[in-house]
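Only one structure is covered here, and it is reproduced in the block below.
The values are calculated or read from the model by the stated rules, or taken from the named source; none is laboratory data. Since the model is a prediction, treat every value here as computed from it, not as a measurement. Cβ: placed from backbone, ideal geometry, glycine included. Neighbour counts: every protein chain shown. Calculation scope for accessible area: heavy atoms of the full protein, side chains included, ligands and nucleic acids excluded. Shrake-Rupley method; radii C 1.70, N 1.55, O 1.52, S 1.80 Å.
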Amino acid sequence: MVGLQWGDEGKGKVVDYLADGFDAVVRFNGGSNAGHTVVIDGQRHTFHLIPSGALKGKELLVGAGVAVDPAVMGEELSLLPEGARGKLTVDGRCLLVSPMDKELDSALEEMRGPSAIGTTRRGIGPAYAMRALRLSPRASDLLASFDFSPIESFYRRFGLDPGGLDKWAEASRQLLAPMIGDVAARVVDICDSGGSVLYESSQGTLLDLVHGSYPYVTSTHTVSSYAPAGIGLSPSYSGAPLGVMKCYLTRVGGGPFPTEVAGELGESLRSLGKEYGATTGRPRRVGWLDLVSLKYSMSINGVREVALSKLDVLSKVKEFKVCVAYKIGGSETTDFGRALPRLGEADAVYGPTFAFRGAEIAGRIPEPMREFIDYLESELKVRVRLASYGEDRTQTIEL
Ligand code: IMP
Ligand code: MG
């Protein structure tokens, strides 16, 4: 399961809904920058690190591609229902996020000034960078005699004080040791004995480190092909990906956003959709649906089926538009890949306008909403399999 936009497509809810059909749920990318929300009887549960299958009693796996912040893991574990704690395995190859990474994340953002990325400041970028430099310990390194002197020298060399790193490592070891294992081997075991595993991506395709709107991206891959690579599996262990898309757009942080809606209308869309970051509480930027970027996301992920979220929000606005092309420097394009380097200059070209104010979903999709879904299916050559029309677990319809 992957996000097709800039994150916050409603993946937590979809994973919770679909988890019934799986034996385990595994996260394969990102870290505690993610915020996946599941609402049950008015109660919100937000997961940052732990897979969103937690409330369905599923086996929970954190794959090697995930950056694990032991402090966040500790907090999140304490919120888990009785019994779920023992169902969690963290791959020994997961990199760890230390307090130094968070400090660096904030320092780098400040250094960038007006061109700040708008990161979640959860230390994710620096943590992946430290792994690429082969300096930071991974989860299993806490169990062995890891040499911290190179990373300490590194920090000192750049005027930072690594004091306290040893205490952090010891606390992390105590917390994580009982759950460290081999997630890849576990997935293979489950699959080879006839079971199934749901791969849960975090963030969205347009935030992919390489294929997204660089430099305004996160620091891992967010696309479907990274599921096997992130976990440590052959691609033959992947099934058909399900894409999750919101029926309008949001983006948190900086970077280009061709269909952004500002002003009063934007304000109202934000408040109708409760568009505030699940991790940072920041107001999300809002905009209209963008078929140009969606086509790119579908293609890069190989998505033929999607879950469509937040239809209830659009049923509260008078009317809404759908972007079908970009205008860049006087010429029109529908090729997102080619538009990417100049995305900041792109003006949205809008196609049809839709309106379904007041349409109530009661067991089936009302006609004006059906027309919108038919339009998406034919434009995007995709099948809408699930529609979500409210934040509660029950407000989901299978099509
Ligand atoms: P980082 O992942 O914290 O480094 O942030 C990089 C960019 O990705 C920023 O624009 C963040 O707002 C965005 N981002 C990271 N995680 C999420 C997420 O889970 N949802 C939406 N945006 C995210
Ligand atoms: Mg989120």
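With K and R counted +1 and D and E -1, the other residues having a Cβ less than 13 Å from that of residue 383 yield a net charge of -2. Rolling a 1.4 Å probe over the protein heavy atoms leaves residue 332 with an accessible area of roughly 120 Å². The residues of segment 1-239 have, on average, 40 Å² of accessible surface per residue, using a 1.4 Å probe with all protein chains present. Within the shell defined by Cβ-Cβ distances under 15 Å, the residues around residue 183 carry a net charge of -1, with Lys and Arg each +1 and Asp and Glu each -1.
Averaged over its residues, segment 298-353 has an accessible area of 48 Å² per residue, based on protein heavy atoms and a 1.4 Å probe. For segment 1-239, state what percent of all Cα-Cα pairs lands in each successive 10 Å bin, counting from 0 Å until the bin that includes the largest distance. The distribution over segment 1-239 is 8, 33, 36, 19, 4, 0, given as percents.
For residue 168 and residue 398, the FRET efficiency from 1/(1 + (r/R0)^6), where r spans their Cβ atoms and R0 equals 51 Å, is about 0.65. The lysines within cross-link reach of residue 58, meaning a Cα-to-Cα straight distance under 22 Å and a gap of 8 or more places when in the same chain, are 11, 13, 87.
Shape call for segment 157-311 from the C-alpha gyration tensor, a ≥ b ≥ c root eigenvalues: rounded (a/c under 1.5), prolate (a/b greater than b/c) or oblate? Cα axes put segment 157-311 in the oblate bin. Using the Stokes-Einstein relation with a Kirkwood hydrodynamic radius computed over Cα pairs, the translational diffusion coefficient of segment 244-399 at 10 °C and a viscosity of 1.306 mPa s comes to 98 µm²/s.
Our helix-only sum for the chain, with -39,500 (n - 2.57) per DSSP H run of n ≥ 4 divided by its residues, gives a mean residue ellipticity at 222 nm of -8500 deg cm²/dmol.
Among 34, 127, 278, whose mean-square fluctuation peaks in a Gaussian network model of the chain (Cα, cutoff 10 Å)? Taking springs between Cα atoms under 10 Å, the residue moving most is 278. Here the chain was treated as a single set of alpha-carbon atoms; its pair distances binned every 20 Å from 0 give 28, 57, 15, 0 percent. Rounded, prolate or oblate for segment 97-191? Axes are the square roots of the Cα gyration tensor eigenvalues, ordered a ≥ b ≥ c, and the cut-off for rounded is a/c under 1.5. Since a/c reaches 1.5 but b/c is at least a/b, the shape of segment 97-191 is classed as oblate.
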